[in-house]
1. Sticking with the crude label model, points 7 Å out along Cα→Cβ, report the distance from B:Phe202 to A:Glu251 in nm, one decimal please.
2. Which one of B:Ala169, A:Gly211, C:Thr139 is farthest out on the positive end of the charge dipole of the protein assembly as shown, using unit charges on Cβ (Lys, Arg +1; Asp, Glu -1) and the Cα centre as origin?
3. Given a 10 angstrom Cα cut-off, can you work out which residue in B:Ala127, B:Ala220, B:Ala145 is the most mobile in a GNM of chain B?
4. Mind scanning B:Lys92/C:Lys77; B:Lys92/C:Lys232; B:Lys40/B:Lys265 and naming the pairs with a C-alpha gap bigger than 19 Å?
5. Once Rh is set to the Kirkwood radius over Cα pairs, what Stokes-Einstein translational diffusion coefficient, in µm²/s, holds for the protein assembly as shown at a temperature of 4 °C and a viscosity of 1.567 mPa s?
6. Can you pull the mean other chain C-beta count within 10 Å for peptide C:88-99?
7. Please give me, ordered by residue number, the chymotrypsin sites (Phe, Trp or Tyr not before Pro) of the stretch C:242-339 that lie in loop per DSSP and have at most 15 other Cβ atoms within 10 Å.
8. Would you mind checking which residues have amide H under 5 Å from A:Arg186's amide H? H placed 1.01 Å from N; only 5 or more apart, or other chain.
Amino acid sequence: MNRTSFRKALMPSAAALALGISLTACGAGNETANSAGSDESSGLSGTLSGGGASSQEAAQNAWRAGFQEANPDVTVNYDPIGSGGGREQFAAGGFPFAGSDSYLTDEEGELSAAAERCGSDAIEIPNYVSPIAVIYNVEGVDSLNLSPEVIGKIFNDKIKKWNDPAIAELNEGVDLPDATITAVHRSDESGTTENFTNFLATVAEDAWPHGEVGDWPIEAGEGGNGTSGVVAAVTQGVNSIGYADASQAGELGVVSVQVGEEFVAPTAEAAAKILEVSPRVEGRAEVDMAFDLDYKTTETGVYPIVLTSYLIACQTYADQETADLVKGYLGYIVSSEGQQVAAEQAGSAPLADSLASEAQEIVEAISVK
Amino acid sequence: MTRRGDTVFKSLATSAAVLILVALAGVAIFLTLEGMPALKAEPDVLGGKGNIILYVWPLVYGTLLAAALAIIMAAPLSIGLALVISHYAPRKLAKPIGYLVDLLAAVPSVVYGLWGIEFLGPRLGRAYAWLAENLGFLPFFEGPASGSGRTILTASIVLAVMALPIITAICREIFSQTPTLHQEAALALGATRWEMIRLTVFPYSRSGMISAIMLGLGRALGETMAVAMVLSATGVVTINLISSVNPSTIAANIALGFPEASGIKVNVLIFSGLVLFVITFIVNFLGRLIAARGLVKEGR
Amino acid sequence: MSTTQDKVAPTSIGDIPLTRPQLPSWAPALVAAISVAVAALPVVFLGWGLVAMVLLAVVLFVIALPAWSSSVEGSRKGKDRLAAALVWSGFGLAMVPLATLMWQVISNGVPVLSAEFFTYSMRNVVGEGGGIYHAIVGTVIVTAFAAIISVPIGVMAAVYLIEYGAGNRIARIVTFLVDVMTGIPSIVAGLFAYALFVLFFGPGVRMGIGGSVALSVLMIPIVVRSTEEMLKLVPGDLREAAYALGVPKWRTITKVVLPTAMSGIVTGVTLAVARVAGETAPLLIIAGDTDSVNFNAFSERMATLPVYIYYSYMQPGVPPEFGQERAWGAALTLIAIVMALNILARLISRSFAPKTGR
């Protein structure tokens, strides 16, 4: 003991420290590879940090990867802090751009706050449209047709059995079990819930009287944490039904939703069509592409339960670098290449050509003050 | 010069000790400071509840329920485990068994969460269906049973596993401190091993066992990730333990809500954290108090 | 003639059996074998699962052996056997979670491990591939800073408690509150760090050093307690010998007391680091998550292993398999790190333990 043991005892920690330092001395294998290829850079450089809706995260990851690969000197960050946080940080000047599951409104002064921050009207582009699938797991039932009213009643705990006449009526020839329905919802606050309940509240107000909410409003049904939690709960559960991004549905059965006289399955094409049949929000600036989704549409081939997420940005920025980065990154997102990448990696529906070219024009005009 | 060295060193040591007091006070003060704005929160950030008290109450209920269930399961098991290590296992086996129990304490809570979702939940789901069918007349097992098994009972079982090593560690420490003379005297009078434990070990370590259980309770109350990952939370107040509709706990609710919270929602969550802090502080305070009393009474 | 005399049977000492009847030593094994055999019947005939069979066998054993024993050996012996059977089956029950958890983490985690997994971050990775390098770096940095903050404070506070404050009012209060502080929920520590940093950096603050502060709140009491225990073990003779040579108190502490207790203190610190390295909740709140390597604890988000596991599993991306696989791989890595720290602590305490005072 005493000094010898003191030294001996310190040795392992010194070794651990040395290991720690040698670890921290170099970057990750994939990151160092990037900066090496900087010769072929497009001239863009710097860091762009935005954030907001977590529903866009998967798509943003794909876009960031694509954009950073094309521009090795650029780092783009996207903080999935939620739509509310994104709008708040954008208006406060923290984010040069934000993602949000709902467009800016003036109910709480967010629209004018954003305009004030930018010095002119804020840009809003619907960059991410994704079908929300109603997923189910009932043994022996391979296909299921439901109307919005029935979906509303199931999630409102008014229809409790799978062989309820209301369900049977829509599914002739399907052998529905006499079993209790387990309706799974998101237990965390989410844009998926917000868009799903918005749809129900608009189309089937009697069946779903709780309005548009981000937090599940009633004390019934099973909760799942995050999209994966809902999918897991439906998969592991018996006679269960839930709602989640269509891209995450995996092997689960997917409900075809009644639109007019036909039943439509959630595909990217069917979801993209809803923007084409929906009107713009009135009284908005040219650069503000906010849509009032027409959930009640009876147009053929439209899947109405979709999550639309917007990019919010300014028309002008104080410094050249930020303006160039925002312009470059947003331009990539709305380009056909960007939309295709998101469709592959996040299961979103690519924007229709007309909307994409309109968005492209708006982004092209972004400039320095 | 040496005098000055002494003064400097002593004041350094003293300020370190005082800093700990300040830090503890700081936790209370900062949480209060950031939590207070929540008192004025509107229903739209409170999940439709009228005020912050109505918002926090079901969470408090869920927290207490989950922790209490966990302790009901963990306490007897831990005492048994501690007895195995201190009295039952042959000396050569006792140490490895002790290590095994310590291993349970070394598993990070997020890994317990993975285990709860992937392994425990689906298997218990089938057991719950059986319970609902055969014991459905009891209000705890009323059903309908959750198929995925992500119920408050599952969460409590995970919590029990996590509290187990803590309670065991303290209990075995106390059990092994029972005076050998007492134990040998009991055996010499012809007591069986169990009678010896009942007559000498338990009376000697009663306060220690209670404080160990209180500390385990403190851990179960504050455990976050495992519950957040396993529990299917709806925010109801119910004593049905096996349905898919469950109360949430304060800690899990914070973990789920915080990463995407903004504005006053943050204050609401911090306020609920303050409530949790107060609850665990009281439980730990009582636990330590009982332990300290026991030490005085037994003249140690 | 009193009646009592009639009732006492005239016995000689030789008639009292000196030993009570006892079960043979192979009795528990026999009962165990029969229990398993009986429990196997419903498996064969009713198609029960393996878990149900094991449960039934244990229940049968716990009932049958004490019942047999109390009929032969008397109820006191029977109770003793019942207690032993219960205690041992409790031990078996407690090992089930450990065994299944380890099996699951290893079987799911091992296939994921590769050189790329340890050297790549998640930057520009979509779907398959990528790694946990950035999370390992973050965990090392955050815990290192937590140790840098809490070791001096914790050790000095323990020095105060043992060497200066012994028994006085402040020392008693601090000792008590340190004990209470061990029970602070980790998420509350995270909220504290957030509430503290918000005052300086505004809402939505996320940075690695905040995680270190939160972990320090959890770590300090552990360091204080273990250092206290170790300082108590330092023999008073050593101190007195130093004083007798005219060495001032502070030199005595730094040159004699602390070096003597050093191995114990290092063990305690290592265990404390192991404990906080696996903490998730506070880091989720204040350190956040990112997919690139961040070496600077004082700016921006920093990924750490526990938070990485949480997000990889809960938000795995499209398709979900790759993210969840990475979560298991990271879980295995994290457990391995924590276990390694625990083993390191035991090695230190074993090979450098002071020969005196124990």
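The values are calculated or read from the model by the stated rules, or taken from the named source; none is laboratory data. All values derive from a computational prediction rather than experimental measurement. Every residue, glycine as well, gets a Cβ built from its backbone with ideal geometry; the counts of neighbours run over all protein chains shown. Keep in mind that these areas ignore ligands, DNA and RNA; they rest on the heavy atoms of the full protein, side chains included. Shrake-Rupley method; radii C 1.70, N 1.55, O 1.52, S 1.80 Å.
1. Taking the two extended label points, one gets 5.1 nm.
2. B:Ala169
3. Maximum fluctuation in the GNM of chain B, among the listed residues, is at B:Ala127.
4. The answer is B:Lys92/C:Lys77; B:Lys92/C:Lys232.
5. The calculation lands on 41 µm²/s.
6. Details: counts 5, 1, 8, 11, 1, 4, 15, 6, 1, 13, 8, 1.
Counting Cβ atoms of other protein chains within 10 Å of each residue's Cβ and averaging gives 6.
7. Values: sites: C:Tyr243, C:Trp250, C:Phe295, C:Phe298, C:Tyr308, C:Tyr310, C:Tyr311, C:Tyr313, C:Phe322, C:Trp328; in loops: C:Phe295, C:Phe298.
Counting only loop positions with at most 15 other Cβ atoms within 10 Å, the chymotrypsin sites (Phe, Trp or Tyr not before Pro) in the stretch C:242-339 are C:Phe295, C:Phe298.
8. Those qualifying (amide H under 5 Å, at least 5 residues apart or on another chain) are A:Gly224.
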